[in-house]
6 protein chains.
Amino acid sequence: MAMGAECRCAKRAAKLTRMTPAISRYPVPTLAELPDDIRARILEVQEKAGFVPNVFLTLAHRPDEFRAFFAYHDALLLRDSGLSKAEKEMIVVATSGANDCLYCIVAHGAILRIYAKNPLVADQVAVNYRKADITARQKAMLAFALKVATNSVALDDGDFATLREHGFSDEDIWDIGGIAAFFALSNRMANLISMRPNDDFYLLGRVPKT
Amino acid sequence: MAMGAECRCAKRAAKLTRMTPAISRYPVPTLAELPDDIRARILEVQEKAGFVPNVFLTLAHRPDEFRAFFAYHDALLLRDSGLSKAEKEMIVVATSGANDCLYCIVAHGAILRIYAKNPLVADQVAVNYRKADITARQKAMLAFALKVATNSVALDDGDFATLREHGFSDEDIWDIGGIAAFFALSNRMANLISMRPNDDFYLLGRVPKT
Amino acid sequence: MAMGAECRCAKRAAKLTRMTPAISRYPVPTLAELPDDIRARILEVQEKAGFVPNVFLTLAHRPDEFRAFFAYHDALLLRDSGLSKAEKEMIVVATSGANDCLYCIVAHGAILRIYAKNPLVADQVAVNYRKADITARQKAMLAFALKVATNSVALDDGDFATLREHGFSDEDIWDIGGIAAFFALSNRMANLISMRPNDDFYLLGRVPKT
Amino acid sequence: MAMGAECRCAKRAAKLTRMTPAISRYPVPTLAELPDDIRARILEVQEKAGFVPNVFLTLAHRPDEFRAFFAYHDALLLRDSGLSKAEKEMIVVATSGANDCLYCIVAHGAILRIYAKNPLVADQVAVNYRKADITARQKAMLAFALKVATNSVALDDGDFATLREHGFSDEDIWDIGGIAAFFALSNRMANLISMRPNDDFYLLGRVPKT
Amino acid sequence: MAMGAECRCAKRAAKLTRMTPAISRYPVPTLAELPDDIRARILEVQEKAGFVPNVFLTLAHRPDEFRAFFAYHDALLLRDSGLSKAEKEMIVVATSGANDCLYCIVAHGAILRIYAKNPLVADQVAVNYRKADITARQKAMLAFALKVATNSVALDDGDFATLREHGFSDEDIWDIGGIAAFFALSNRMANLISMRPNDDFYLLGRVPKT
Amino acid sequence: MAMGAECRCAKRAAKLTRMTPAISRYPVPTLAELPDDIRARILEVQEKAGFVPNVFLTLAHRPDEFRAFFAYHDALLLRDSGLSKAEKEMIVVATSGANDCLYCIVAHGAILRIYAKNPLVADQVAVNYRKADITARQKAMLAFALKVATNSVALDDGDFATLREHGFSDEDIWDIGGIAAFFALSNRMANLISMRPNDDFYLLGRVPKT
């Protein structure tokens, strides 16, 4: 990347960190303050998305936890799987709805709309997956994910059998449960630090790109 | 370490993976099958603890998630903090109690007993921190952690103010909330895969070492 | 109104009733089948909104209940009040969030965005009013409304005193509680008949009018 | 009606509004203050029941909401239906029990006893319909009504199928759900304004008329 | 007692045990089958009350548990106390309301009406003690009793302090908590065996004795 | 028993009552203060167990309730039954886990370990019976017991049928439900008076006797 490009990115991201209202209860580092690997990741996501999602800026307050968080995220979400990218995001949105996490509903709702190419499905899944425009298989997937999110003590063989009847492999089930478990962490971190979703997310995926 | 020693370790750990009943719903890799870094970590913990906690063997089914999981764990639990090692484990045990996670209550209960040099405190904290032999400050810490674990949507400035009155810094509060959030993930993974605590944990820290 | 105009309206509304997927578990009457007063109301709302919200079409299955429903709605929502129009819609959206009612969150979320001239506030209030970009007075209003929605048995003098401290009159409090109570009915009817929000609502108020 | 009769009624009702303790947190209008249509309705119910149920006096504080409330009530409760009058009141009493609404349990409990000609059934249904002296069909009806009252988000095709197996038509199911939904409103209004049941209701229908 | 009198009592009680519908899921012994001490107690209560409350007949299926149950009941309820007899019954009725126990609400509701010489208070306390015609001190008593009944893990010094401010001694507090605890047992036994309240209880204490 | 032996016992027990921290919110009588029958029972249990469980000392504050409590306990727990002694204690431990009662989990956990000759089963059953090393029949027994403990209003014929399919007789079912009901009382008393488990219990049954 040419130096000029890097400068523009850095300025743009820096500007984002000065936005009001606050995006975290905790200090948000400037790009300049960050370790190289974290700054690089942030610039990369900015390049791709056109803005820096606040989860990157707010969690960067603790670099080691940042690295582990996104390593876990990538291991689950980027993994080859029997679940489509949209299905993985459905799990994120549905369980974040159950945990009342504003950041994750708004940010991953946007991602879900984009992956599913469907402007309605995120709001549907966040409130009541039973009434969403999704398949019976996807509803079974979300019922399982919500049980992991809200009542994991009661998981039993019957729950696994139901998913297998819908054609999910055991590795798919680990993906479903693992994503629900990871966002149990993520939702609580966002609520803890009062992570604010970027304004950009609210509209993303609702209108055709121009 | 001499080669002979290494061999003995490997055999011993391998033997542990053949134990009955099952320690996971998912396949448990043998040491030989594991990537070098993960095998090394497992041998290291075995050297230190005298056995391999099942969380290492069962999560090794997915090496990338294993690495992220323990990186996150170490970032939070090994970090210099205003919380003592015993206090961090109290948070683990209390929130695992709220989530009814057998593995974490039993395994981290043992660690708590050892760090606190107190054979009673783990069972107390797992059931009802209000009646535990701990300080008022520690009770406030656990009340906050349990709110993160079970009702994070309702966290507000008052909750932070209460902890500050007890002398916790904002970084300490991140530690408290972060550990509660991480074990929200951990408890759900253990319940998902039906992770079984090693028999060894039940007695650890209850009797003086001989 | 000229005849031609009336015809166009009727055709357009009729077309809406043929949409798929179903907007109700129950039969949806065509405009032609409806009593005159109900058809007139529907045409009026269509003229104003540019489309017919599905609540009008689906509840028209039972004309007497339709009339009473909208008479109640108008009595509460159109009444002069110490609450602004946006504040009334905040109550609708927050309590519909607590009741997981997709129709009311989506439809009244749109109305709230328009009244508040704020594209973000509806999603915020639907998930967690504590983190919304609203005033402390509005947060107290929503805390009361949510208590009416979810635990009205426990309402007591202290709840009224808190609202009075925020400057609400007793009539304002009736408005707050009354709207929460009316949407307790409305949310349950929408869930009962599986009322589907119009696709139009999802985007309304999110982008500047052109 | 002769003039003298009308006068006596007005005096009697006026006397009722001066009773202590308070029947509402809000001002209760005298008959003289009321719009003609509302006064007429109140005098009519007094003529029939021998006293004026407090719901009429307390809700008359807001005439427009009063009219809509009773229009909705009549549309649902007086409608020809596959449900008997007693069955409709069972739904009211059972869901009001779930919402802990004293006014509705006591007042509609009396009406249920009268319609069912059964002095025991109202107390049974208010506490635990499973142990009430009612038919299996009525128990299925109340299980559905309670799901509408307390967990309407989870209503699904299976719930409708169960009621159809018990011989309920789809219109009957709307009646069941609609009554549960209407009393979700009614219970919250009664709890909001602290509506007090008339003393008369407690004994009504418990002893044979003399 | 003359022999003739004894015979009449026995016949009358025997007749009660043949009533339909069933008063228990379990066999109900006839008076003749009972151990002498239990028969004597039953005849005594019948002499006093005019009928045999079904709790005596249904629990007599297991004489040892019967004896312990009533010994516990008498130790708590007949004990000299800072609580009046009516106040003790308020605790029974309020906590039985929280546990949805039909037998205890109906039977002890009757006893409460008689002790309090108040035909309304039992129905009020069973549904919502906040709106009952009782003193602030009695409301504090019932708030504590309900916490014992539904959330005893969270009892703390503050709860004791609140009751002491209302003038309750520590022994009074044991009485309050003890009665709530005893009826936690009693409510569950009644629900387990489907104990049916005698029809007589429903009307008792509602009308002046003649 | 020789006099010397009696003296040693008394001294030893007396010493236990002076232990710190407090074992009850209420005064704990010395052995000398106690009625003869209660002192005899306490000395008997001390002789057998080697120490006096605190439930005996703390409940002795009220001799009549003490007598009734242990009479009830013995009637249920010592009764000949289709349940083994270990199974009865499983019910105690599982329901005490649901009620978060520290005393009962710790004390009866010890007894369960001893009866079951299994050092792990108590901790398993206290947290999640689904993952305990017990039979399917025992899991069905605990599912029923937990329903009695937490939702007895919903018990129905289906619950009885399920247990009968597992080979339980109706008398066995009374035992299961009765023990769950009795510990509903016991758990609340322990939480009310802040009964502290003896330190001895924590280790009992975890290591082979020497």
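The values are calculated or read from the model by the stated rules, or taken from the named source; none is laboratory data. Quantities reported herein were computed from a predicted structural model and do not represent experimental measurements. Positions of Cβ are backbone-derived with ideal geometry, glycine not excepted, and every protein chain shown enters the neighbour counts. Surface areas here come from the heavy atoms of the whole protein model, side chains and all, with no ligands, DNA or RNA. Shrake-Rupley method; radii C 1.70, N 1.55, O 1.52, S 1.80 Å.
Points worth noting:
- Qualifying residue in the stretch D:108-130 (condition: under 30 Å from C:Pro27 (Cα atoms), over 13 Å from the mean Cα position of the chain (by Cα) and among the small types (Gly, Ala, Ser)): no
- Hey, B:Glu47 more than 16 Å from the chain's Cα centre (by Cα) and over 29 Å from A:Phe66 (Cα atoms) or not: yes
- A:Gly167 falls short on exactly one of the conditions (1) open to solvent by 60 Å² or more (accessible area, probe 1.4 Å); (2) part of a loop (DSSP other than H, G, I, E, B), and that condition is (1).
- Residue within the stretch B:132-140 that is closer than 30 Å to A:Leu146 by Cα, free of Cβ contacts under 8 Å to residues at least 24 places away in the same chain and at the interface with another protein chain (Cβ under 10 Å from one of its Cβ atoms) present: no
- Counted residues, the stretch F:114-131 - those being touching a residue at least 24 places away in the same chain (Cβ under 8 Å) and open to solvent by less than 10 Å² (accessible area, probe 1.4 Å): 3
- Residues within the stretch A:46-83 that are among the small types (Gly, Ala, Ser) and not in a loop (DSSP other than H, G, I, E, B), tallied: 4
- Filtering the stretch B:33-68 to residues that are in contact with a Leu (Cβ under 7 Å, 6 or more places away or on another chain), within 13 Å of chain A (Cβ to nearest Cβ) and among the charged types (D, E, K, R) leaves only B:Glu65.
- Check on D:Ala71, within 14 Å of chain C (Cβ to nearest Cβ), open to solvent by 20 Å² or more (accessible area, probe 1.4 Å) and not charged (D, E, K, R): yes
- The number of residues in the stretch D:102-112 being open to solvent by 10 Å² or more (accessible area, probe 1.4 Å) and closer than 24 Å to D:Phe168 by Cα comes to 2.
Quick grid of which residues meet (1) more than 12 Å from chain D (Cβ to nearest Cβ); (2) out of contact with any Phe, Trp or Tyr (no Cβ under 7 Å at 6 or more places or on another chain); (3) more than 21 Å from A:Val121 (Cα to Cα):
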site	(1), (2), (3)
C:Ser84	yes, yes, yes
C:Ser96	no, no, no
C:Tyr103	no, yes, no
C:Ile111	yes, yes, no
C:Lys117	yes, yes, yes
C:Leu120	yes, no, no
C:Ala126	yes, yes, no
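- Only a single criterion out of (1) within 14 Å of chain E (Cβ to nearest Cβ); (2) of a type outside the set (D, E, K, R); (3) over 26 Å from B:Ala110 (Cα atoms); (4) open to solvent by 10 Å² or more (accessible area, probe 1.4 Å) is not satisfied by F:Gly177, namely (4).
- The stretch C:193-208 - residue that is assigned to a helix (DSSP H, G or I) and open to solvent by less than 20 Å² (accessible area, probe 1.4 Å) and, of those, farthest from D:Phe69 (Cα to Cα): C:Tyr202
- Candidates B:Ala161, B:Ala149, B:Ala190, filtered to the one that is within 13 Å of chain A (Cβ to nearest Cβ), open to solvent by less than 30 Å² (accessible area, probe 1.4 Å), assigned to a helix (DSSP H, G or I) and farther than 25 Å from B:Lys48 by Cα: B:Ala149
- Single unsatisfied condition, D:Asn99 versus (1) buried (at least 18 other Cβ atoms within 10 Å of the Cβ); (2) over 21 Å from C:Ala184 (Cα atoms): (2)
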